[in-house]
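The values are calculated or read from the model by the stated rules, or taken from the named source; none is laboratory data. Because the structure is predicted, anything quoted here is derived from the model rather than measured. Virtual Cβ from ideal backbone geometry, glycine too; neighbours counted across all protein chains shown. When the accessible area is computed, the model is the full protein with side chains, heavy atoms only, and any ligands, DNA or RNA have been set aside. Shrake-Rupley method; radii C 1.70, N 1.55, O 1.52, S 1.80 Å.
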Amino acid sequence: MRQLPLTVGLVLLVLVMSVVTRGLWQPLGTRPLGSSMAYGLPSFEDGAWWTLVTGSFLALEPVRYLPILVGLALFGGFAEWRLGTGRAGVALAACQVVAVLAAAAVLWASRDHGYLWTTSLADDRDAGPSAAFLGAVAAASVTLSPPWRGRLRAVLVAYVLLFAVHMGALTDLEHVFAVACGLLIGPLLQGRPPQLSARRLTRRDYRLLACGFFVVAAIEAVIENFTTAQGPLAATLSAQARIDELSHRNLVGAVVLALLWLWLARSLYKGRRRAWLWAVGLLTVVIAIQVGNVVWMVVVGEPGLVAASYDLVLNTAGLGLLLVGRRAFRNPSPRRARRTAGSLVAPADDDQRTLATELLAQQGTVNRLAWMTTWPENRWFTTADRAGYVAYRVHAGVAVGLCDPVAAAEPDRAGLLVEFADRVHAQGLVPCLFTVSAEASRHARAQGWHSLQVAEEAVIDLDQLDFVGKAWQDVRTALNQAAKQGIHLDLGPLTDMPRGLQMQVKAISSQWVEDKGLPEMGFTLGGVDEALDPRVRVGLAVDADRTVHGVTSWMPIYGVGGGGPAGWTLDVMRRLPGGFRHSMEFLIASSCLAFRDEGCSTVSLSGAPLARSTGADEGLDRGTLDAFLDRLGATLEPYYGFRSLHAFKAKFQPRTEPLYLVFPDEAALPRIGLALGRAYLPAAGLRDLITLARPVHA
């Protein structure tokens with residue numbers, strides 16, 4: 001009562017009204033009292049505006065009191081908990097009033113115009129506060145952090161739309177307006193205007209949307225067998241047509257179709273390329289059939305045009321989503337990869353990734369960033385006579401190798417580079433390797449290639465690590481402040497950590513992307529998906545309440561000859577907004593100490609992409625590539641802070657080692673610039689990449 005006074009009071013008021021009106025055991029809708037207390041267009045036309053208040057605390061049938069009371073207690077309580085009593089009261093009242101009046105206005109304007117659904121619905125009355133608490137939950141969603149905010153809103157919107165389309169009762173129509181009102185006033189209750197501009201969708205967003213589309217399609221495939229005689233779609237049919245359609249429904253076929261859609265939803269969520277092809281193909285066929293069906297209905301005047309048009313629009317939207325987000329579905333299909341073996345553009349499979357991971361652990365390599373070569377969007381070039389591989393991606397006709405070739409012996413690494421280049425040239429592509437060490441740069445130059453420095457790697461030698469002296473003041477401050485606030489380091493695989501910590505990590509990462517409107521990057525920049533690998537270790541800054549203030553992820557370093565990790569490379573860095581301000585300094589310093597105690601010799605703070613020093617090839621005209629890197633770095637600096645990140649790492653007194661781009665032909669630089677842009681910014685358009693790659697003087 002003290003914590004949720006409004007919710008408790010409303011629940012008690014509904015119970016009292018149910019007893020006073022005897023609605024708890026006698027249907028109110030069948031008694032004269034119902035018409036004088038329930039709201040709806042007929043009541044408002046009779047001048048009974050008080051029903052807007054009285055009807056909000058009643059139910060037309062006794063059985064409806066259970067969901068009303070449960071919903072009011074759970075959803076209303078959630079809104080009051082998140083918004084506070086005063087703002088929750090405003091949200092409840094506003095959403096109820098807007099929903100009831102907006103539904104009545106729509107029915108008043110659309111009845112008697114040939115649309116049977118609105119004409120019949122205009123004579124109905126309704127009662128209950130369901131619109132109030134659904135709208136209040138939508139308003140309270142603004143207080144949640146990603147990804148929960150987006151998930152709650154998606155569930156609410158999907159629920160009200162599905163029920164409005166397939167059930168079509170007056171209550172369902174009111175729910176649509178209630179949720180819309182809640183989403184609109186939620187930010188206003190927090191003192192800021194609604195943000196109507198959409199942020200750039202990430203790969204995960206496209207996968208979730210595609211998955212959600214087919215989950216909804218699966219649900220519709222089943223519930224259409226039970227809702228044909230109701231709703232705005234079926235109301236366009238004649239009575240006999242509705243009876244005929246009901247009699248021809250096939251529940252078994254609907255279940256089979258639903259299982260197919262659910263399989264596609266699951267596979268699309270994983271980003272499977274094969275599932276994307278199946279989904280595009282099936283939707284294309286379905287849309288073609290539906291277009292023909294709509295044309296036939298128009299020509300012969302057959303009823304059911306609204307329902308057919310709805311299905312056509314919905315499936316067209318789903319197909320458009322898949323096509324626009326096609327780059328989010330690149331994860332390989334094992335069978336397809338085996339059928340196209342030998343092709344550099346063939347998708348790799350999980351077995352090849354497993355083999356690459358095992359080779360890296362067994363053979364090792366000189367590049368401390370090499371764990372990135374095991375990420376699933378890569379492909380892997382191998383040969384029969386060398387125990388190693390080259391990881392690469394194909395963009396804009398360029399096979400962009402990532403890091404040095406992986407092999408234990410230097411001759412094998414040099415040989416893999418040569419054979420990789422020969423295979424790439426043989427298939428009409430341009431070869432290059434990105435973020436390679438000085439050794440690979442030397443091997444490439446021996447083959448007549450060019451070499452450009454593109455980044456600097458910050459390396460900490462743990463055996464020389466101490467935090468003594470003025471240069472370490474910031475780091476010592478972070479460690480001392482963390483100790484005072486009870487913040488400690490949790491270090492280990494994220495998959496082994498408690499579920500609560502995992503969800504906080506995902507929320508922090510999602511909020512970092514969503515709230516800043518960041519374009520999603522990839523290639524040499526990992527995220528939560530990569531951090532979930534069991535061989536990757538995650539460092540969390542956790543306080544006594546188990547709140548995560550900061551996140552770092554560390555990729556293993558396998559030195560030449562393999563064995564256990566000889567060190568760790570920093571990848572993900574995320575901080576909780578409003579959390580401990582020295583989280584990153586604390587996490588990096590504490591992790592370094594932990595790794596040193598485990599016997600590791602090296603920590604790499606990775607290379608800051610697009611933040612580099614002078615070029616290694618001073619005789620080369622760097623113009624086009626420099627222009628691309630400069631423009632891309634300047635464009636993304638306000639978002640990612642690559643160059644400020646480069647300066648931040650200097651706090652840890654690292655030594656720096658150059659990282660290079662190696663390539664065979666200077667004339668290929670414009671194409672390589674486009675390929676790198678596509679690798680880093682998969683969602684960018686060709687025009688955007690050309691603009692970035694255009695020389696400054698052009």
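Miscellaneous remarks
- Meets criteria (over 22 Å from Gly271 (Cα atoms), open to solvent by less than 20 Å² (accessible area, probe 1.4 Å) and at pLDDT below 90) for Ile508: yes
- Test: residue in the range 75-91 that is of a type in the set (Gly, Ala, Ser), open to solvent by 50 Å² or more (accessible area, probe 1.4 Å) and assigned to a helix (DSSP H, G or I): yes
- Residues that are farther than 18 Å from Asp123 by Cα and among the hydroxyl-bearing types (Ser, Thr, Tyr) were ranked within the range 41-62; the one that is most open to solvent (accessible area, probe 1.4 Å) is Thr54.
- Selection count where residues are in contact (Cβ under 8 Å) with a residue 60 or more places away in the chain and open to solvent by 20 Å² or more (accessible area, probe 1.4 Å), scope the range 131-149: 5
- Any hit, the range 156-172, residues being at pLDDT 90 or above, assigned to a loop (DSSP other than H, G, I, E, B) and not small (Gly, Ala, Ser): no
- Here Leu69 fulfils each of the conditions (1) exposed (fewer than 15 other Cβ atoms within 10 Å of the Cβ); (2) closer than 18 Å to Pro27 by Cα apart from (1).
- Reported count of residues in the range 92-108, each being under 18 Å from Ala140 (Cα atoms), in contact (Cβ under 8 Å) with a residue 40 or more places away in the chain and open to solvent by 40 Å² or more (accessible area, probe 1.4 Å), is 2.
- Selection status of Thr227, in a loop (DSSP other than H, G, I, E, B), β-branched (Val, Ile, Thr), in contact with a Pro (Cβ under 8 Å, 6 or more places away or on another chain) and at pLDDT below 65: no
- The lone criterion from (1) within 33 Å of the chain's Cα centre (by Cα); (2) open to solvent by 30 Å² or more (accessible area, probe 1.4 Å) left unmet by Gly401 is number (2).
- Only listed residue being open to solvent by 20 Å² or more (accessible area, probe 1.4 Å), basic (Lys, Arg) and at pLDDT below 75, chosen from Arg643, Arg596: Arg643
- Which listed residue is in contact with an Asp or Glu (Cβ under 9 Å, 6 or more places away or on another chain) and within 12 Å of Cys181 (Cα to Cα), from Ala102, Ala122: Ala102
- Annotation: of all residues in the range 660-680 being aliphatic (A, V, I, L, M) and open to solvent by less than 10 Å² (accessible area, probe 1.4 Å), the one that is nearest to the chain's Cα centre (by Cα) is Ala679.
- For the range 566-602, a tally of residues being assigned to a loop (DSSP other than H, G, I, E, B) and more than 13 Å from Asn367 (Cα to Cα) returns 11.
- Hits in the range 54-67 (condition: more than 33 Å from the chain's Cα centre (by Cα) and assigned to a helix (DSSP H, G or I)): Thr54, Gly55, Ser56, Phe57, Pro62, Val63, Arg64, Tyr65, Leu66
- Residue within the range 445-462 that is closer than 25 Å to Ala408 by Cα, open to solvent by less than 50 Å² (accessible area, probe 1.4 Å) and assigned to a helix (DSSP H, G or I) present: yes
- Filter result for Gly415 (closer than 22 Å to Glu666 by Cβ, out of contact with any Leu (no Cβ under 9 Å at 6 or more places or on another chain) and surrounded by fewer than 24 Cβ atoms within 10 Å (Cβ to Cβ)): no
- Screening the candidates Gly469, Gly428 for the property of being under 26 Å from Cys600 (Cβ atoms) and either open to solvent by 30 Å² or more (accessible area, probe 1.4 Å) or basic (Lys, Arg) (or both) yields one hit, Gly469.
- Single condition Val256 does not satisfy, out of (1) at pLDDT 75 or above; (2) buried (at least 16 other Cβ atoms within 10 Å of the Cβ); (3) of a type in the set (Val, Ile, Thr): (2)
- Close pairs from the range 308-320: first under 10 Å from Val294 (Cβ atoms), partner in a helix (DSSP H, G or I) and open to solvent by 50 Å² or more (accessible area, probe 1.4 Å), Cβ under 7 Å, at least 6 apart: Ala308/Asn293; Leu312/Val291
- Just one of the listed residues (Phe434, Phe420) is crowded, with 18+ Cβ neighbours inside 10 Å and not in a helix (DSSP H, G or I), namely Phe434.
- When residues of the range 1-40 are limited to those that are outside any helix (DSSP H, G or I) and surrounded by 17 or more Cβ atoms within 10 Å (Cβ to Cβ), the one modelled with the lowest pLDDT: Gly29
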